[in-house]
1. Summing Lys, Arg as +1 and Asp, Glu as -1, what charge do residues with Cβ under 9 Å from the Cβ of ILE309 carry, ILE309 excluded?
2. How large a share of the accessible area of segment 107-190, in percent, is made up of carbon and sulfur atoms when the probe is 1.4 Å and the other protein chains stay in place?
3. Out of all DSSP beta bridges with both ends in the chain, state the antiparallel percent to the nearest 5.
4. If you average the C-alpha positions of segment 429-482 and of segment 283-333 separately, how far apart do those two centres end up, in angstrom?
5. Say the dipole of the chain comes from +1 at the beta carbon of Lys and Arg and -1 at that of Asp and Glu; which of GLY353, ASN369, HIS279 then lies farthest toward its positive end?
6. Return the whole-Å distance between the Cα centroid of segment 26-40 and the Cα centroid of segment 231-253.
7. Among GLY385, GLY222, PHE294, whose Cα sits farthest toward the positive end of the charge dipole of the chain (+1 at Cβ of Lys/Arg, -1 at Cβ of Asp/Glu, about the Cα centre)?
8. Which angle from 0 to 90°, rounded to the nearest 10, does the C-alpha axis of helix 154-165 make with the longest principal axis of the chain?
Amino acid sequence: MVSRVIPVEPFDLVIFGGTGDLARRKILPGLFRRFCAGQMPPDAAITGAARSDMSEDEYRDFVRDAIHEFGGEQNHDEDKLSAFLECLHYVPIDARGENGWRELAGLMRKGMVHAFYFSVAPGLFGDLAERLNQHGLTDEDSRIVVEKPFGRDLASAKELNRDLAAYFDEGQIYRIDHYLGKETVQNLMAVRFGNMLFEPLWNSQYVDHIQITVAETVGVGGRGEYYDKSGAMRDMVQNHLMQLLCLIAMEPPSKFDPDAVRDEKLKVIRALDDVEPHHIVRGQYDAGDEGPSFREEVGDPRTRTESYIAMKVGVSNWRWAGTPFYLRTGKRLKARCSEIVVVFKALNHSIFGEQEDHRNVLSIRLQPNEGMTLGVTIKEPGPGGMRLIDVPLDMSFAEALGKDGSDQTDAYERLIMDVIRGNQTLFMRGDEVEAAWAWTDPIIDGWDTRGDVPKIYDSGSEGPVDAVQLLARDTRVWRKVAS
Ligand code: NAP
């Protein structure tokens with residue numbers, strides 16, 4: 001199946017931080033793929049901006065190298081690459097300085113969308129917004145894209161929101177959570193709201209519990225210093241896992257429209273229960289074949305930051321009261337996998353007599369091998385009587401939809417095209433981010449006040465043993481962490 005590509009209108013995109021890691025690995029190669037797909041028109045213009053003193057030709061060489069390294073299958077098409085590089089400019093600019101702004105303003109063409117991607121540290125967001133305003137670049141054609149982390153607590157998120165709101169309307173601010181750009185995450189909404197089958201069962205009457213897992217095999221590596229100030233709660237739960245939880249738990253919006261969707265997500269965040277300390281397990285990986293311990297990697301033998309977290313979360317509303325959501329995420333685990341698992345309740349009564357517990361389980365796999373599996377109970381084949389077994393109805397998106405149906409389009413490129421189209425559905429609204437921090441802050445404050453120390457777990461394992469007990473206390477088990 002070939003996916004439809006609808007070209008966007010020509011645009012001017014400025015990437016502040018255009019020489020950084022994110023621009024090199026994700027943004028620029030993603031734009032190149034959209035160019036090759038025919039979605040980015042040849043008269044679009046992309047301007048890299050950073051402090052480094054580079055000529056336009058040097059920047060084009062930099063981008064060429066980035067695309068050779070990270071551009072995927074199309075990176076060998078030198079004709080297309082040369083045509084893409086023609087769309088590029090570079091302006092040396094310090095977010096806090098005065099030079100280069102007039103030149104940048106001169107590159108912005110009248111009557112086009114002007115998108116400014118803030119791919120820099122959040123401490124520079126306010127400066128960039130202010131300079132853009134000083135140079136007349138905050139009109140109705142302008143929009144800004146801001147990267148995570150959006151604050152490190154409620155107070156800093158509010159401050160960032162205030163800094164941006166001084167010059168931009170909420171409708172011009174695109175806060176990226178790249179998880180929302182993943183094909184399967186969007187499919188979650190399609191499955192829930194495009195099928196009659198699931199919605200009647202999607203509540204605490206039929207769903208026993210839900211598990212959301214985002215497991216990584218890598219450790220913090222060279223990002224130790226940054227990560228030590230963040231931890232799994234701030235880095236993953238407050239944003240990515242929270243967004244997945246919202247999409248699973250939200251009520252159907254009246255239409256697939258940015259504010260209707262985001263209103264419903266916000267209601268979920270506001271309905272989250274406070275989390276009891278004994279419903280959270282935090283961990284740090286030990287040294288192993290995979291590398292040094294977390295403490296060694298962050299360079300602090302006494303750090304209390306967590307590289308793993310598992311928690312039981314309640315959603316106090318009509319639909320979900322009584323159905324726990326178990327979230328877990330961690331580094332240096334056994335396998336890399338992101339998965340949402342909806343475990344339905346057991347039958348009230350089995351006409352087949354005493355048999356093992358059979359339940360329907362819907363698992364939605366975000367990575368790797370995007371797809372969905374629905375576990376159904378059938379008769380064991382053969383003449384052995386009415387014995388029941390569970391088998392998966394398996395739909396791999398890559399197999400079912402062909403290459404174009406799998407996540408070939410990286411989340412970043414999909415989201416950037418949405419920015420150009422002016423569609424905010426897959427971006428977080430300011431009040432959503434603040435509500436997520438308002439829920440997260442007391443949990444983190446509690447650890448600090450009590451001086452909680454994370455448990456040590458083996459590198460390459462499924463996490464601390466206490467996380468197993470978190471579910472065992474409720475007579476439940478985690479799904480295996482497997483790729
Ligand atoms: P990075 O590799 O450190 O790059 C930072 C960029 O900002 C460079 O281009 C740097 O270039 C520029 N810069 C720094 N100070 C500047 C200033 N005063 N004025 C103008 N430009 C300045 O960081 P990154 O990994 O690309 O991350 C960028 C943002 O994305 C961060 O907020 C990060 O948290 C977020 N993010 C990154 C990733 C990722 O995978 N890398 C993932 C999610 C979110 P010069 O030094 O030449 O100025």
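1. Counting the neighbours of ILE309, the net charge comes to +1.
2. 49
3. Details: 41 of 75 bridges.
Here the share of antiparallel DSSP bridges comes out near 55 percent.
4. Segment 429-482 and segment 283-333 have Cα centres separated by 5 Å.
5. So the residue furthest toward the plus end is GLY353.
6. Each part reduced to its Cα centre gives a spacing of 28 Å.
7. After comparing all options, I get GLY385.
8. 40
The values are calculated or read from the model by the stated rules, or taken from the named source; none is laboratory data. These numbers were taken from a predicted model, which means no experiment stands behind them. Every residue, glycine among them, receives a Cβ derived from its backbone with ideal geometry; neighbour counts consider all protein chains shown. Note: areas computed on protein heavy atoms with side chains; ligands, DNA, RNA excluded. Shrake-Rupley method; radii C 1.70, N 1.55, O 1.52, S 1.80 Å.
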